[in-house]
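In what follows, a structure is listed as structure tokens, so that the remarks can point back to it.
The values are calculated or read from the model by the stated rules, or taken from the named source; none is laboratory data. Nothing here was measured: the structure is a model prediction, and the numbers come from that model. All Cβ positions, even for glycine, are placed from backbone atoms using ideal geometry, and neighbour counts span all protein chains on display.
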Amino acid sequence: MKEQLTEAFRLFYEERFDEAEQLYRACLSEAEEGSQDAKTALHGLGFTLSMKGEYIEAIACYENLLLSAIKEQNHLSEAVALHQIGMVCRMNNDYALAKDYFQREKNVREQSLLDDHIGFSANAYEFGLIALHENRLEESLQYFNEAIEQGNLAKDHMCIACAYRGKGQYYEAAENKDEAKESFQKSVHHFLEAGDEKGAAEVQEMIRSLNE
């Protein structure tokens, strides 16, 4: 099962979403209900479906995980499930509902997970993206800076990379190309430090677009 889940994630990372979905569903059918393997498959399936634009079923996957986490009183899993539902809502441009879920996530973290700096960084990043989409530019910058700060506390290059990417998008929206380029370059650096060449390449393309 572990090998199948690893293979499914590889397919997802390579954007072979139909194949990843098929394998995650196969894992779900084989795994014992409520087991960690089943939860990992459900999480991966939700992520895969969200990338395919199948938002309703993706949310259903995460709602299932949320109910399990609440039943088990697992605050970390609860926060992660709330975050994922918020992310899917944001991808579906339902910003009001996304903000509600991200606030619920933040509340759980503030009550029970104060040392989870990675989680706080991801939460602030999502609030920043929504503020950016809603043209609340200065507010988005505050969130991205908070995401960077929390990422630094966690010493997590992936969090820092995403936050600097968001900060670059803020400066691009504010028509400050020099600051945008600097933030994007920092994002590339941290993606590479995290071993994510794909993420780095995507931001490098954003830098090239600035110069067009």
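Restricting to the stretch 21-37, what's the tally of residues that are touching a helix residue (DSSP H, G or I) at 6+ places or on another chain (Cβ under 6 Å) and either of a type in the set (G, A, S) or surrounded by fewer than 16 Cβ atoms within 10 Å (Cβ to Cβ) (or both)? Please lay out each step first, then the result.
Filtering the stretch 21-37 for residues touching a helix residue (DSSP H, G or I) at 6+ places or on another chain (Cβ under 6 Å) gives 21, 23-24, 27-28, 31.
Now narrow it down to the ones that are either of a type in the set (G, A, S) or surrounded by fewer than 16 Cβ atoms within 10 Å (Cβ to Cβ) (or both): 31.
Residues meeting the conditions: 1.
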Checklist entry - Looking at this structure, is R10 of a type in the set (K, R), part of a helix (DSSP H, G or I), surrounded by 13 or more Cβ atoms within 10 Å (Cβ to Cβ) and over 18 Å from the mean Cα position of the chain (by Cα)? => result no
Checklist entry - Checking Q22 against (1) at pLDDT 95 or above; (2) of a type in the set (S, T, N, Q); (3) under 18 Å from A81 (Cβ atoms), which single condition isn't satisfied? => result (3)
Checklist entry - Got a sec? Which of Q4, Q84, Q73 is surrounded by fewer than 15 Cβ atoms within 10 Å (Cβ to Cβ) and either of a type in the set (S, T, N, Q) or modelled with pLDDT under 95 (or both)? => result Q73
Checklist entry - Of all residues in the stretch 183-212 being buried (at least 16 other Cβ atoms within 10 Å of the Cβ) and either touching a strand residue (DSSP E or B) at 6+ places or on another chain (Cβ under 6 Å) or among the charged types (D, E, K, R) (or both), which is nearest to Y164 (Cα to Cα)? => result K186
Checklist entry - In the stretch 147-186, what residues are among the hydrophobic types (A, V, I, L, M, F, W, C), under 17 Å from F127 (Cβ atoms) and touching a Gly at 6+ places or on another chain (Cβ under 6 Å)? => result C159, I160, A163
Next on the checklist: Please go through the stretch 11-27 and give me each residue that is closer than 14 Å to M51 by Cβ and of a type in the set (K, R), ordered by number.
Outcome noted: R16
Item to check | Complete set of residues in the stretch 2-36 that are within 25 Å of I70 (Cβ to Cβ) and touching an Asp or Glu at 6+ places or on another chain (Cβ under 8 Å) | outcome: L5, C27, A31
Next on the checklist: Being of a type outside the set (A, V, I, L, M), modelled with pLDDT of 95 or more and under 26 Å from A79 (Cα atoms): is that true of Y171 here?
Outcome noted: no
Checklist entry - E105 versus (1) acidic (D, E); (2) crowded, with 16+ Cβ neighbours inside 10 Å; (3) over 26 Å from E57 (Cβ atoms): which is the lone unmet condition? => result (3)
Next on the checklist: Need pairs with beta-carbon distance below 6 Å; first residue without any contact (Cβ under 8 Å) to a residue 24 or more places away in the chain and within the stretch 125-149, second surrounded by fewer than 21 Cβ atoms within 10 Å (Cβ to Cβ); sequence gap 6+ or separate chains.
Outcome noted: A131/E139
Item to check | Positions within the stretch 158-182 being surrounded by fewer than 22 Cβ atoms within 10 Å (Cβ to Cβ) and of a type in the set (K, R), in sequence order | outcome: K177, K181
